[in-house]
Each structure stands twice: as C-alpha cells, then as structure tokens.
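Q: Pasting a structure here, questions to come.
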Amino acid sequence: DAAVFEFAVKHNGGAAYISGGGSINGVGSLVITGPGSVLTNSGSMFIGLSSSSNSITVADGGCLVCTVTAIGAGGGQIYTDNVVTVTGPGSVLTNTGSTGVNMGDTGTTVGSKLLIGNGGRVVNVGGGVAIGRSAIASNNSVVVSGNGSVLTNFSGVTVGAPGSSNGLTVADGG
C-alpha cells in the first residue's frame, strides 16, 4: 500500500526513505528544502492521485528521488491544479524509472504543472516526459525558466498525445 502524505515537511539536512511508493492527495503538500535534505522513494510518487490542488516543492538544494513522478492521475472526475516545483541551485528531482514524468496519464487532468526554475533540475534517468497522455487531459504544462534550470531526459518528450492544449515552455535561459 502506498504511503499518503498530508502536509509532510522535510527540512534542512535530513533524509527520509519511503518503500513502495507514495502519494500527495487531498490538498496535501510536501516540501523538501535546504542543502542535504533528501527524500528517496523506492516507488512512484503520485501528486494528485484522484484529487486536486496538491503540491510538491523541492527548493534551495533539496532533493527528491523516485522511480516515476505522476502529476494528476485518476479517472471519473476532473482533477485540477496539481503542481510540482523544483527551484533554486542544487535542487533536483530525479526519476530513476523507465517513464520519468507523467502528467495527465489517466482520467481528466486539467491545469497541472511541473515548474523548473532558478537553477532547479529535473533528471529522468531512464525515461522522458509525457504531458497530456489521456485524451481528456488538457491545459497541463511544463515550464523550464531561469539561468541554469534544466530538464534532462534519456528518452523523448511527448506533448498532448492525445490530450489537447498541453505545453512545454523553455524561457529566460532555461
């Protein structure tokens, strides 16, 4: 069974490990901030699994490692505004699985975002990024902006196949 985090915070130099996967649901948030702060998840990390307005922030040198980051997934209803932010020099989200980042994989995911800024990095070791994988996923986006901000994929980027009005933006030195 997956671990469920509600308002869990990891801060300034600590380390934690989750075995088997985790999800941020029910207007939940997870913040990993500060040099040396690391959360390692041996499974997939779901942000907004059948829910809206959830967030993960990796900032100021924090690090999150998981197999897959799935932003907005679940069927039956509309799920909106799930956000993953990776910001600041030394801040890294690493996906070790064959998929990388999935956004709008199943169900109706609207307005979810992956924001990489101010020197943050997202590294997909074995996969890529899929934005709007469901036919009814729309207005989801990945934004890479600011000097030193990087999205690294070891396979492709898929935007809006088959979903509509999904996007990838690289701007301002990203």
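Q: Considering only the range 145-159, state which residues are at pLDDT 95 or above and in a loop (DSSP other than H, G, I, E, B).
A: Correct list: Gly146, Asn147, Gly148, Ser149.
Q: Is it the case that Gly90 is part of a loop (DSSP other than H, G, I, E, B), modelled with pLDDT of 90 or more and in contact with a Gly (Cβ under 9 Å, 6 or more places away or on another chain)?
A: yes
Q: Just checking, how many residues over the range 135-154 are open to solvent by 60 Å² or more (accessible area, probe 1.4 Å) and touching a strand residue (DSSP E or B) at 6+ places or on another chain (Cβ under 8 Å)?
A: So the answer is 3.
Q: Answer yes if at least one residue in the range 66-74 is at pLDDT below 85 and more than 15 Å from Asn102 (Cβ to Cβ), and no otherwise.
A: no
Q: Same structure, new question: Taking the range 112-127 as the region of interest, how many residues are open to solvent by less than 10 Å² (accessible area, probe 1.4 Å) and part of a loop (DSSP other than H, G, I, E, B)?
A: So the answer is 3.
Here is a yes/no grid of residues against (1) out of contact with any strand residue (DSSP E or B) (no Cβ under 9 Å at 6 or more places or on another chain); (2) in contact (Cβ under 8 Å) with a residue 60 or more places away in the chain; (3) farther than 23 Å from Ser98 by Cα; (4) not in a strand (DSSP E or B):
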{"position": "Val129", "(1), (2), (3), (4)": "no, no, no, no"}
{"position": "Arg133", "(1), (2), (3), (4)": "no, no, no, yes"}
{"position": "Ala161", "(1), (2), (3), (4)": "no, no, no, yes"}
{"position": "Leu168", "(1), (2), (3), (4)": "no, no, no, no"}
{"position": "Gly173", "(1), (2), (3), (4)": "no, no, yes, yes"}
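Q: Could I ask something else about it? Just checking, which of Thr85, Thr80, Thr96 is closer than 19 Å to Gly160 by Cα, among the polar types (S, T, N, Q) and open to solvent by 10 Å² or more (accessible area, probe 1.4 Å)?
A: Thr80
Q: Please verify whether Ser52 is farther than 23 Å from Ser138 by Cα, among the hydroxyl-bearing types (Ser, Thr, Tyr) and touching a strand residue (DSSP E or B) at 6+ places or on another chain (Cβ under 8 Å), treating the condition exactly as stated.
A: No, not satisfied.
Q: Okay, moving on. What is the number of the single condition among (1) in a strand (DSSP E or B); (2) under 17 Å from Asn95 (Cβ atoms); (3) at pLDDT 60 or above that Gly43 does not meet?
A: Here Gly43 clears every test but (1).
The values are calculated or read from the model by the stated rules, or taken from the named source; none is laboratory data. What you see is a predicted model, and the numbers here were worked out from it, not measured in a lab. Glycine also receives a Cβ, built like all others from the backbone with ideal geometry; neighbour counts cover every protein chain displayed. Surface accessibility is based on the protein's heavy atoms, side chains included, excluding ligands, DNA and RNA. Shrake-Rupley method; radii C 1.70, N 1.55, O 1.52, S 1.80 Å.
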